Amino acid sequence: MPLPKGHIPWNKNRIKRICKVCKKEFFVNLFRVKAGKDKHCSRKCLGIARKKMINGKKNPMYDKHYSRKPWSKYSDDFQNKCVQKYLQGESSIKIASQVNCCYALILKWVRKRKGEKFIRGSPKDPQPFIDKLTEIEKAYITGLIDGEGSIYISLRAHPNGNRIYCFYVSVVNTYKEIIEYLKNKLNGSIQYRKARDIKNKDLWRWAIGGVGTIKIIEALFPYFIIKKEQAKIILQFHKEQFSSSKRKFELWQKMRFLNKKGK
């Protein structure tokens with residue numbers, strides 16, 4: 001039986017196609033072609049095609065986006081202004097749209113200046129709240145975290161295979177006023193969980209993550225008793241954030257062992 005034009009002799013289920021963006025030849029499964037998929041050879045070409053067309057219409061920002069200057073041609077003053085806006089809490093995408101610059105370049109400039117030991121501002125930044133706390137309030141909040149809360153590091157996988165670590169401090173309680181007290185004193189966010197049945201009560205959870213976790217632990221560290229080791233690991237992890245991935249994984253395993261439930 002003769003093969004259809006474009007088929008590969010060693011695999012009758014694959015067919016040759018030409019990428020619509022880079023005009024490169026590639027092979028795909030026949031059933032995906034029938035489903036209207038695999039029109040591009042890579043995700044990069046697919047992303048370019050999506051930027052060219054939005055809802056069937058030509059994207060007016062496409063030519064503007066790809067006609068931008070390379071990052072080395074931007075002046076240092078311009079880079080510093082973008083970095084300062086980012087540190088004040090604005091998103092890199094919003095800044096890029098304002099100054100006609102790629103958001104990835106802004107993140108590069110921020111990483112370039114990582115030696116300046118800055119901490120990015122955020123709407124959920126707890127530092128202004130921490131400065132107003134008295135020593136008695138700090139001790140009381142630490143007791144809540146020690147008894148009813150948790151300090152942990154979450155681990156998830158990025159699509160490119162890298163590991164992503166995040167710090168969190170949270171408190172869960174059935175008494176809503178306690179959670180609102182933490183929100184008012186340390187900022188953060190509140191989540192509500194409805195009871196599963198009549199025997200249980202509704203739950204409220206206060207949590208804060210990222211740099212806010214580091215600031216809270218540094219302020220409350222002298223008062224920790226039960227979760228002193230977890231707090232040490234968080235501070236050590238933040239101090240060694242540019243260390244090897246093996247070292248980070250070891251610290252995550254220690255934290256996981258300390259937070260293990262049961263005996």
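Number of residues in the stretch 187-236 that are farther than 26 Å from Arg247 by Cβ and not small (Gly, Ala, Ser): the value is 20.
Restricted to strands (runs of 3 or more DSSP E) entirely inside the stretch 123-193, those with at least 3 residues that are of a type in the set (A, V, I, L, M) and touching a strand residue (DSSP E or B) at 6+ places or on another chain (Cβ under 7 Å) are 149-157, 163-173. Arg32 meets all of the listed conditions (1) surrounded by 14 or more Cβ atoms within 10 Å (Cβ to Cβ); (2) modelled with pLDDT of 75 or more but one, namely (2). Scanning the stretch 194-228 for residues that are closer than 22 Å to Lys260 by Cα, of a type in the set (Lys, Arg) and in contact with a strand residue (DSSP E or B) (Cβ under 9 Å, 6 or more places away or on another chain) yields Arg205, Lys227.
Among the listed residues Ile226, Ile217, which satisfies the condition of being in contact with a helix residue (DSSP H, G or I) (Cβ under 7 Å, 6 or more places away or on another chain), crowded, with 17+ Cβ neighbours inside 10 Å, within 29 Å of Lys248 (Cα to Cα) and of a type in the set (Val, Ile, Thr)?
Working: Ile226 fails: crowded, with 17+ Cβ neighbours inside 10 Å.
Answer to the check: Ile217.
Please verify whether Ile214 is of a type in the set (Val, Ile, Thr) and not in a helix (DSSP H, G or I), treating the condition exactly as stated. When the stated conditions are applied, Ile214 does not pass them.
Only one of these is in a strand (DSSP E or B) and at pLDDT 80 or above: Lys16, Lys23, Lys94. Name it. Show your work before the answer.
Working: Lys23 fails: in a strand (DSSP E or B); Lys94 fails: in a strand (DSSP E or B).
Only one candidate passes the filter, namely Lys16.
The residue that is nearest to Asn184 (Cα to Cα), counting only those in the stretch 97-129 that are modelled with pLDDT of 80 or more and among the aromatic types (Phe, Trp, Tyr), is Phe129.
The values are calculated or read from the model by the stated rules, or taken from the named source; none is laboratory data. Note that the structure is a prediction, hence the values are computed from the model and not measured. In this analysis, Cβ positions are derived from the backbone assuming ideal geometry, glycine residues included, and neighbour counts consider all displayed protein chains.
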